[in-house]
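The structure appears below as structure tokens.
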Amino acid sequence: MSVIVTLRVKGDAAQLERRAAENPEAMRAISDRAKEFGLIAHRFYGTDEEIMVLDEWPDAESFRAFFAEMGSRIEPLMREVGVTEVPQPTFWRQLESRDEVGWNA
């Protein structure tokens, strides 16, 4: 069963959107490489003070392998949008709650 991976950091979400609009190819290159490692789904979310990455991966090991290879390309992007801390991923497994809605439940 796949895992959800979240990364939450303090940063400028509006700046991330501006940067992505100015250079969509750079953003796409990272997500394309992630797909080669097994990425299933990916989104950025933001507040006035925080950026969250929400991904779905086949397993935690696939994400770790991707981040080990691509971290040196991701870190400069994060610095450009005000992130100063090292992101710490959280791995979530789906619970069998018998009340699922959406995502082909």
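Any idea which residue in the range 47-76 is nearest to P24 (Cα to Cα), counting only those that are among the charged types (D, E, K, R) and in a strand (DSSP E or B)?
Narrowing the range 47-76 to residues among the charged types (D, E, K, R): 48-50, 55-56, 59, 61, 64, 69, 73, 75.
Those still in the list that are in a strand (DSSP E or B) too: 50, 55-56.
Details: E50: 21, D55: 19, E56: 21 Å.
Here the residue is D55.
As a summary of the residue check, G38 satisfies the conditions (1) under 18 Å from V83 (Cβ atoms); (2) in a loop (DSSP other than H, G, I, E, B) except for the one numbered (1). Residues that are under 12 Å from the mean Cα position of the chain (by Cα) and among the aliphatic types (A, V, I, L, M): does the range 87-103 have at least one? No.
Could you list, in sequence order, all residues of the range 3-19 that are crowded, with 16+ Cβ neighbours inside 10 Å and either among the small types (G, A, S) or assigned to a strand (DSSP E or B) (or both)? Give the steps one after another, and end with the answer.
Keep residues of the range 3-19 that are crowded, with 16+ Cβ neighbours inside 10 Å, which gives 3, 5, 7-9, 11-13, 16, 19.
Once the filter is applied, which keeps residues that are crowded, with 16+ Cβ neighbours inside 10 Å and either among the small types (G, A, S) or assigned to a strand (DSSP E or B) (or both), the range 3-19 yields V3, V5, L7, R8, V9, G11, A13.
When the range 77-104 is filtered for residues that are among the polar types (S, T, N, Q) and either outside any loop (DSSP other than H, G, I, E, B) or at pLDDT 95 or above (or both), only T90 remains. Quick check on my filter: what residues within the range 64-88 are more than 11 Å from V9 (Cβ to Cβ), in contact with a helix residue (DSSP H, G or I) (Cβ under 8 Å, 6 or more places away or on another chain) and not hydrophobic (A, V, I, L, M, F, W, C)? Listed by number, the residues that qualify are E69, R73, E80.
Given the structure, is D32 in a helix (DSSP H, G or I) and among the acidic types (D, E)? Can you show your working first?
Details: in a helix (DSSP H, G or I): yes; among the acidic types (D, E): yes.
Considered against the rule, which asks whether it is in a helix (DSSP H, G or I) and among the acidic types (D, E), D32 comes out as yes.
Restrict the check to the range 86-95 and report whether at least one residue is closer than 26 Å to N23 by Cα, in contact (Cβ under 8 Å) with a residue 40 or more places away in the chain and among the charged types (D, E, K, R). No, the range 86-95 contains no residue that is closer than 26 Å to N23 by Cα, in contact (Cβ under 8 Å) with a residue 40 or more places away in the chain and among the charged types (D, E, K, R).
Of all residues in the range 64-85, those that are among the small types (G, A, S) and either exposed (fewer than 10 other Cβ atoms within 10 Å of the Cβ) or free of Cβ contacts under 8 Å to residues at least 24 places away in the same chain (or both) total 3.
So, in the range 40-76, how many residues would count as being among the small types (G, A, S), over 20 Å from M1 (Cα atoms) and at pLDDT 95 or above?
Residues of the range 40-76 among the small types (G, A, S): 41, 46, 60, 62, 65, 68, 71-72.
Still in the list and also over 20 Å from M1 (Cα atoms): 46, 68, 71-72.
With the extra rule that they be at pLDDT 95 or above, the set shrinks to 46, 68.
The number of residues fulfilling the criteria is 2.
The values are calculated or read from the model by the stated rules, or taken from the named source; none is laboratory data. In this text, all values refer to a predicted model and were calculated from it rather than measured experimentally. Counting neighbours? That spans all protein chains shown, and the Cβs are built from the backbone with ideal geometry, glycine included.
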